[in-house]
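Asks: Just dropping this structure here.
The values are calculated or read from the model by the stated rules, or taken from the named source; none is laboratory data. Predicted model only: the values in this text are computed from it and were never measured. With ideal geometry, Cβ positions are generated from the backbone for all residues, glycine too; neighbour counts draw on all protein chains shown.
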Amino acid sequence: MNIRQFKETIAHRLMFLLCLFVLSLVFLMVFGLYQRAKPILAVSSMKDLVFSANWHPTQGHFGLAGFIAGTLWVTAIAIVIAVPLSLLTATYLSEYCSRWVREIIKPVIDLLAGISPVVYGVWGMIAVVPLVRDYLMPFLSERLPFFPFASENYTGFSALTAGIVLAIMISPLIISIIEEVMRAVSFGVREASVSLGATKWQTTKWVVLRKASPGIVAAVILGLSRAMGETMAVLMVAGCAMQGFPKSIFDTAYPLPALIANTYGEMMSVPLYDAAVLLAALILFLITVFFNIVAWGILLYIERKEA
Amino acid sequence: MQTKTHISARDLTVSYGEQQALNHISIDIPDKKITAIIGPSGCGKTTLLKSFNRLLDLQDGVRVAGQVLVDGENIYDPGVEKTHLRKRMGLLSQRPTVLPMSIYDNVVYGLRIHGVKDKKILDQAVERYLQEANLWSEVKDRLHSSATRLSIGQQQRLCLARGLAVEPEIILGDEPTSALDPVSAEQIEQRFLVLKNQYTIVLVTHILRQAKRLADYVIFLYLGNLIEHGPAEQVLNNPRYAKTQAYIEGKFIEEPTIHKEITLQKERSADYLTSTLLALDELQVDQVLKVVVDSEPTMNEISKAVELKCHKILEVKRIDLLHWEIIIQKQNVNFII
């Protein structure tokens, strides 16, 4: 066997093994988390742990529902803010602005995507917390004293604060993907629409966005997964006080990642605490997987409807 | 040929960045006829077509100079409403471009964006224009299924119906049959022959046989220059210039070797005819003379005079705003008394 073919074979095998290794990490992780969470599952049932909000570790109550709800609540707020922002920005970049404007804005947005979460956290504390505390919360909570605005929390550390910070963190990623997907829509269909006398906005709304919809869904889900797993920035601005289920965007929230980062390794004297936190990690993992599967399903559905 | 002009280009120059795609084109396109723009790939056929409904505006870095008149109105005037202009022309592109929606929605897309909401009008339009595009019988039972499921030939006819639905006056076809199988292509061609009674049709094609079958009027472009235009009979069967001849016979198009070059300016050389003939006298038979002149009447006069003397004009080309060049090949004229 000559040396070239030998190298070829080695490269082929090596890459296959590495690929296998990465794949196996997923399963190892689930397995590891499950093993370590087993002690608590032996004491109380999965159903109790997931659906009860009774979190009193010292008394042996480990209901995680409050944290799960907190995660979903903060993520939902972030998505509600981020999606219109990203969609319109991406539309502007892809359809409206001239090439040189795009060439300036695009790298800046990509830069925004690369900034460390702790920087967003600090920015959230010095800019968004006062904004929520001094303006948004008093204004909205007083005028709209019902769900989801009514609140007694005057600190500014709240689910909304975390949502805003998260939205700004995930927007660059979503913008970047949506812009690319939109620009990949063929020039021909745009021409077809425009040649019938459509304006740019009509073309964008009826043709480009429709054609790009699978990619847009994928981008949003990707942002959603990122928001759900984000720890540092959320931990710094969400308040992280346990209040059961969230009743207002201005209440504090305590999402799963913050719980894990805050308590793991510190409260080990409490029996089963360790197992409960690792169960929380497992649940976070499963939620993320669940959303990815849903995204996959939506993509398949759209593609099948199109084809 | 006495016909009304529908679209005319006046000194139209289009460039993409540095590259010039169309070079001082002036041309009249007759009303309610099929005009075929022929020429090899990449010589500006599509650019010329898309300059008629300002679709060029969609691309970055395109510069357009000169005028395009539709019914006598310059469409490159700043005040022109592009959406209304485009509504007057239906476009069929090389590959059918169905919109990502149902068959029904495709046909009424144009009507809807122009504000028609009445369901009855839309329903009627769908039936009428699908029939006009000869597609109705094939799709009438599945109007609300996705248009992308149609065959490619059906898709092109759907695009035709969609274009007709906005009631244009002009149909622009950019090699509309090039992606289709022969049967579908023939269906489209048959449609054009019917539609030309009501619409002005401009068709880009690089299939000569198609131009022969359909065209009433032919424009031959080569490397962004207008080489020849005229009634189809004349251009396709009896072309005037060497390049057109070569293209139609399927030979390589060659730039002639110039043996002598003279430049004539109106004021200084009043006797430009004599100068040209004298220059020709100095050449041997089959050698080529290039004459550059600075006005259109001069160009016409020289061409006529030279042809009367039985020399052959290989090409007449506008090189910029003021200057024309005439390429003349000397013929053996001794036997003519």
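Asks: Looking only at the range B:127-144, count how many residues are part of a helix (DSSP H, G or I), under 21 Å from B:Asn197 (Cα atoms) and of a type in the set (A, V, I, L, M).
Replies: Total satisfying the criteria: 1.
Asks: If I filter the range B:154-168 for residues that are modelled with pLDDT under 90 and over 24 Å from the mean Cα position of the chain (by Cα), do I get at least one hit?
Replies: No, every residue in the range B:154-168 fails to be modelled with pLDDT under 90 and over 24 Å from the mean Cα position of the chain (by Cα).
Asks: Is the range A:252-262 home to any residue that is at the interface with chain B (Cβ under 10 Å from one of its Cβ atoms) and surrounded by fewer than 22 Cβ atoms within 10 Å (Cβ to Cβ)?
Replies: no
Asks: Residues of the range A:149-197 being outside any helix (DSSP H, G or I) and either within 24 Å of A:Leu136 (Cα to Cα) or touching a Gly at 6+ places or on another chain (Cβ under 8 Å) (or both), which ones?
Replies: Answer for the range A:149-197, where residues must be outside any helix (DSSP H, G or I) and either within 24 Å of A:Leu136 (Cα to Cα) or touching a Gly at 6+ places or on another chain (Cβ under 8 Å) (or both): A:Phe149, A:Ala150, A:Ser151, A:Glu152, A:Asn153, A:Tyr154, A:Thr155, A:Gly156, A:Phe157, A:Ser158, A:Leu196, A:Gly197.
Asks: Just checking, does the range B:211-227 include any residue being within 14 Å of chain A (Cβ to nearest Cβ) and part of a loop (DSSP other than H, G, I, E, B)?
Replies: No, the range B:211-227 has no match at all.
Asks: Same structure, new question: Can you name every residue in the range A:85-118 that is within 12 Å of A:Ile168 (Cα to Cα) and assigned to a helix (DSSP H, G or I)?
Replies: Of everything in the range A:85-118, those that are within 12 Å of A:Ile168 (Cα to Cα) and assigned to a helix (DSSP H, G or I) turn out to be A:Leu85, A:Ser86, A:Ile109, A:Leu112, A:Ala113, A:Pro117.
Asks: I'd like the residue in the range A:173-211 that is farther than 22 Å from B:Gly115 by Cα and hydroxyl-bearing (Ser, Thr, Tyr) and, out of all such residues, is nearest to the other protein chains (Cβ to nearest Cβ).
Replies: A:Ser186
Asks: Another question about this same structure. Can you list residue pairs whose Cβ atoms sit under 7 Å apart, with the first residue in the range A:204-231 being touching a residue at least 12 places away in the same chain (Cβ under 8 Å) and the second being of a type in the set (Lys, Arg) and outside any loop (DSSP other than H, G, I, E, B)? Count only pairs 6 or more apart in sequence or on different chains.
Replies: Hits for this filter: A:Val207/A:Arg190; A:Val208/A:Arg190.
Asks: Could you say whether any residue in the range B:112-130 is surrounded by 20 or more Cβ atoms within 10 Å (Cβ to Cβ) and farther than 16 Å from B:Pro168 by Cβ?
Replies: Yes, the range B:112-130 has at least one match.
Asks: So is B:Arg162 within 14 Å of another protein chain (Cβ to nearest Cβ) and free of Cβ contacts under 8 Å to residues at least 40 places away in the same chain or not?
Replies: no
Asks: Regarding B:Leu236, is this residue farther than 18 Å from B:Leu91 by Cα, touching a Cys at 6+ places or on another chain (Cβ under 6 Å) and surrounded by fewer than 22 Cβ atoms within 10 Å (Cβ to Cβ)?
Replies: No; evaluated as a whole, the condition is false for this residue.
Asks: Give me the strands (runs of 3 or more DSSP E) completely within the range B:21-103, filtered to those with at least 2 residues that are crowded, with 20+ Cβ neighbours inside 10 Å and within 14 Å of another protein chain (Cβ to nearest Cβ), ordered by residue number.
Replies: On the way: elements: B:34-38, B:62-70, B:89-92.
In the range B:21-103, B:89-92 are the strands (runs of 3 or more DSSP E) which contain 2 or more residues that are crowded, with 20+ Cβ neighbours inside 10 Å and within 14 Å of another protein chain (Cβ to nearest Cβ).
Asks: Could you check how many residues of the range B:192-212 are farther than 19 Å from B:Ser51 by Cα and either among the hydrophobic types (A, V, I, L, M, F, W, C) or under 11 Å from the mean Cα position of the chain (by Cα) (or both)?
Replies: Total meeting the criteria: 7.
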